[in-house]
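Asks: Dumping the structure here so I can ask a few things about it.
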Amino acid sequence: MQDDFLSERFRAEDILLGGLGFSDEVRLVSLRRTEGGFEGTAKVDQEEPFEFSSEEELTELEEWAVDILIPLLEQEGRFPEEQNEKNPKERKIVA
């Protein structure tokens with residue numbers, strides 16, 4: 001079960017971050033769904049986090065990845081910093 005959790009998370013991160021050209025060493029720190037796509041921060045090991053974004057309409061696979069990652073980040077204690085009440089899917093998760 002734990003392996004399934006990890007592989008699902010890594011697949012979802014790879015879909016979003018890999019789709020933007022980042023290597024598999026990059027890990028997600030925060031994620032926010034935007035009107036036109038998604039944005040967030042990521043980092044490699046102990047380096048400073050950096051921002052990323054995609055303003056293109058989400059593909060079906062990216063939708064799946066965002067829907068997987070936001071709840072996982074919440075489970076890890078990365079609570080929403082802000083949430084748009086008009087669109088509950090629009091939230092920012094921080095480390």
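Asks: Against the condition under 20 Å from residue 76 (Cβ atoms), assigned to a helix (DSSP H, G or I) and touching a helix residue (DSSP H, G or I) at 6+ places or on another chain (Cβ under 8 Å), how does residue 27 come out, does it pass?
Replies: Taking the combined requirement at face value, the residue does not satisfy it.
Asks: Another question about this same structure. Among 48, 62, which is assigned to a loop (DSSP other than H, G, I, E, B) and of a type in the set (D, E, K, R)?
Replies: Values: 62 fails: assigned to a loop (DSSP other than H, G, I, E, B).
Being assigned to a loop (DSSP other than H, G, I, E, B) and of a type in the set (D, E, K, R) holds for just one of 48, 62, which is 48.
Since every read-out is calculated from the coordinates, none of them should be taken as a lab result. Fair warning: this is a prediction, and the values are worked out from it, not measured in the lab. Ideal geometry is used to build each Cβ from the backbone, glycine not excepted, and the neighbour counts take in all protein chains shown.
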